[in-house]
Ligand SMILES: Cc1cc2nc3c(=O)[nH]c(=O)nc-3n(C[C@H](O)[C@H](O)[C@H](O)COP(=O)(O)OP(=O)(O)OC[C@H]3O[C@@H](n4cnc5c(N)ncnc54)[C@H](O)[C@@H]3O)c2cc1C
């Protein structure tokens, strides 16, 4: 049986950041992910906001992790080449009742140690001319920003791999191998692995994983779905991140750009019994649009190019000595019930923002548990950035194309993604093996044509490079094949002469 010091279950942003943090030390680390690629859970379906930290209840772990995580992204962005925009964010009041809530929110921000500034309606209209003219005031949090959520998973894990971490995709955790309440290893869909520590980073399934370790039997994740519209970048002229005044269950429908230029409008917040339910609904989309119009009345539905949904891992109840407590805080702990287990659960928003802080908390917990962590002398924090054709000057594009003709072949016209970039992703430390994996890494197929032009060519390239039939190329793994049969076969069948 292969043996590791630490096995991480789950390749979302929390698992990937934890893998990178652990890669600094002399440890044999394995990350397993049940899907065909990493970052296919909540980490790829969110608002991509690096939250300032004004919103979590003061004193909670969530508030602390948000505050610590936010500035960590500056350095991570530089070291790992993760696109990050410092935008700040506005919580916009559009009536007097909401205006009075802003004062409470500012107070909460101050208690959380977060910079926040109340601004007048006039100032808000000056800063964002497209805001609802009925605006009554706003709270500005300057430290909020926008990140590429896909790169936030892929980049740290690639760097972790370059520093020795092993990754197995399409490998599902099934159960623990326990002896005398001590973890000795895990059973997975690809066999058994021995280990001294397991980190639970399984997102919406984190409750099931902890229950198998005998931890927090009363804790239950209640998946909470969020639906979104994606707006074409050419039709969206706002640079600002606008939130409504939040409710008890959600920060509300945001109107927000992205690091890539497209804009998002959403999300909803509805309880869904199925953790995999990311389907959008007519009711959900209509609710989002109505809410968004309260912030920006001129939003035009003609700008909508796509819709998607994601699921928050909301923890709704914990068992304490005094009974069941409802709460929405993060769980990051080394529980007493079992040895060798770092338990992470209930990582809903702002989990993306908090992920680097959560990863560092895992290191602290291991040290507190007596794990003698030795820093590697040759640890390399830098992930070499890959060429992005559309970001280059004409001279740079020409030089790239002269050095490698694959960079002269444009595969995605909307986003100007070349074959050279696709090949680099297929042969990267964390190989992209599906259409969506290429899309998450290059943003190909996210323009107006939504992949209609590039998809057949990407299928061809994937088939050629992976040595498989085009019929076997999938959109996102499993049964999501893109082709029914080859045109040649159809012609042969239809033509009686052969
Ligand atoms: C609608 C929405 C909007 C949000 N907006 C923001 C925002 O703007 N800013 C912000 O900071 N946060 C936001 N969040 C929260 C943030 O996206 C999440 O907190 C974060 O992505 C959680 O990361 P994770 O790694 O814990 O979970 P995930 O990304 O879900 O990763 C868990 C991984 O574990 C894998 N897994 C599960 N079970 C197994 C198993 N048995 N074996 C192997 N692998 C397994 C899954 O396949 C998955 O890849 C939002 C979330 C949603 C849903």
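Readers should treat all values here as calculations from the given coordinates under stated rules, not as data from a laboratory. Keep in mind the model is a prediction, meaning the values are calculated, not measured. Positions of Cβ are backbone-derived with ideal geometry, glycine not excepted, and every protein chain shown enters the neighbour counts.
Some notes on this structure:
- Highest mean packing first, where packing is the average number of other Cβ atoms within 10 Å per residue, the peptides 222-232, 361-371 line up as 222-232, 361-371.
- Unit Cα scatterers, Debye sum, the chain: log10 I(q)/I(0) for q = 0.10 Å⁻¹: -0.80
- Inter-site label distance for residue 290 and residue 377 at 7 Å from Cα along Cβ, in nm: 6.6 nm
- In terms of its alpha-carbon gyration tensor, the range 389-489 comes out prolate; a/c meets the 1.5 threshold, and the first ratio a/b outweighs b/c.
- Order by protection proxy (mean Cβ within 10 Å, highest first), peptides 156-163, 8-15: 8-15, 156-163
- Between the range 169-199 and the range 345-383, the alpha-carbon center distance in angstrom: 20 Å
- Protection proxy ranking for 130-137, 250-257, using the average of other Cβ atoms within 10 Å per residue and placing the highest first: 250-257, 130-137.
- The range 1-137: C-alpha gyration tensor shape, a/c 1.5 cut-off, then a/b vs b/c: prolate
- Using the Cβ-Cβ distance between residue 469 and residue 208 with R0 set to 51 Å, the FRET efficiency works out to roughly 0.90.
- Gain upon complete extension [residue 234, residue 404; 0.36 nm per residue less C-alpha separation]: 58.2 nm
- Span from the the range 7-79 Cα centroid across to the the range 388-453 one, whole angstrom: 26 Å
- Residue 60-residue 104 FRET efficiency (beta carbon distance; Förster radius 25 Å; 0.05 resolution): 0.90
- Each listed q (0.31, 0.32, 0.33 Å⁻¹) maps to a log10 I(q)/I(0) for the range 147-195 from the Debye sum over equal C-alpha point scatterers, namely -1.03, -1.06, -1.08.
- Per-residue [θ]222 nm for the chain (sum of -39500 (n - 2.57) over DSSP H runs n ≥ 4, rounded to 500): -9000 deg cm²/dmol
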